[in-house]
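Asker: Please read through the structure below; I'll follow up with questions.
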Amino acid sequence: MSVKLTTRQVGDVTVVDAVGRITLGEGASTFRDTIRDLAANGQKKLLLNLAEVSYIDSSGIGELVSSYTTVTNQGGTVKLLSLAKRVQDLLQITKLYTVFEVFDDEAKAVRSFS
């Protein structure tokens with residue numbers, strides 16, 4: 001199963017809820033297209049909820065970095081919420097934990113954008 005993304009607004013923050021696997025092919029391209037569309041539509045505060053992401057491969061990691069770069073270059077911010085243990089370990093191994101702000105609590109994450 002590839003990734004399924006839904007978006008919702010919490011104040012002025014756009015929360016992207018991801019469910020499934022972010023992998024080479026459809027999962028990564030769905031992820032990329034959704035983030036680019038949000039950025040193009042002026043959404044500057046993105047919170048990626050990865051609580052239900054069961055697996056992410058190198059292509060998926062690449063899309064995380066790409067989305068971060070795209071949004072940041074347009075004056076926005078991307079933060080991560082509720083990483084599964086495997087995803088958290090992967091971000092630590094790749095040193096991306098130092099790039100992204102990561103939160104376990106949605107309310108704190110939303111407040112951090114202010």
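The values are calculated or read from the model by the stated rules, or taken from the named source; none is laboratory data. Everything quoted here is computed from the prediction, not taken from an experiment. Because the Cβ atoms are built from the backbone with ideal geometry, glycine has one as well, and the counts that use them run over all protein chains shown. These accessible areas exclude ligands, DNA and RNA; they are computed on the full protein's heavy atoms, side chains included. Shrake-Rupley method; radii C 1.70, N 1.55, O 1.52, S 1.80 Å.
Asker: For SER54, indicate whether it is touching a strand residue (DSSP E or B) at 6+ places or on another chain (Cβ under 9 Å), touching a residue at least 12 places away in the same chain (Cβ under 8 Å) and open to solvent by 20 Å² or more (accessible area, probe 1.4 Å).
Answerer: Answer is yes for this residue.
Asker: Given the criteria farther than 17 Å from THR94 by Cβ and touching a strand residue (DSSP E or B) at 6+ places or on another chain (Cβ under 9 Å), does ARG36 qualify?
Answerer: The answer is no for ARG36.
Asker: Starting from residues that are within 22 Å of GLU106 (Cβ to Cβ) and in contact with a Lys or Arg (Cβ under 7 Å, 6 or more places away or on another chain), keep the ones in region 68-81 and report whichever is surrounded by the fewest Cβ atoms within 10 Å (Cβ to Cβ).
Answerer: Checking each candidate, the answer is THR77.
Asker: Still on this structure: How do the pairs read when you match residues in region 81-106 that are at positive phi and small (Gly, Ala, Ser) with residues anywhere that are open to solvent by less than 40 Å² (accessible area, probe 1.4 Å) and at pLDDT 90 or above, using Cβ under 8 Å and keeping only pairs 6 or more apart or on different chains?
Answerer: Every condition considered, the pairs that remain are SER82/ASN49; SER82/LEU50; SER82/PHE103.
Asker: Which of the residues that make up region 47-61 are in contact with a helix residue (DSSP H, G or I) (Cβ under 6 Å, 6 or more places away or on another chain) and more than 20 Å from GLY25 (Cα to Cα)?
Answerer: Once the filter is applied, which keeps residues that are in contact with a helix residue (DSSP H, G or I) (Cβ under 6 Å, 6 or more places away or on another chain) and more than 20 Å from GLY25 (Cα to Cα), region 47-61 yields only LEU47.
Asker: Let me ask you something else. Would you mind telling me which numbered condition in (1) over 13 Å from the mean Cα position of the chain (by Cα); (2) open to solvent by 60 Å² or more (accessible area, probe 1.4 Å) ALA107 fails?
Answerer: Against the list (1) over 13 Å from the mean Cα position of the chain (by Cα); (2) open to solvent by 60 Å² or more (accessible area, probe 1.4 Å), ALA107 comes up short only on (2).
Asker: Moving on. Among the listed residues LEU91, LEU38, which satisfies the condition of being at pLDDT below 95 and either farther than 16 Å from LEU5 by Cβ or open to solvent by 20 Å² or more (accessible area, probe 1.4 Å) (or both)?
Answerer: None of the other options fit; the residue is LEU91.
Asker: Can you pull out the residues in region 1-43 that are aliphatic (A, V, I, L, M), in contact with a helix residue (DSSP H, G or I) (Cβ under 6 Å, 6 or more places away or on another chain) and closer than 22 Å to GLU106 by Cβ?
Answerer: Passing the criteria: VAL3, LEU5, VAL10, VAL13, ILE22, ILE35, ALA39.
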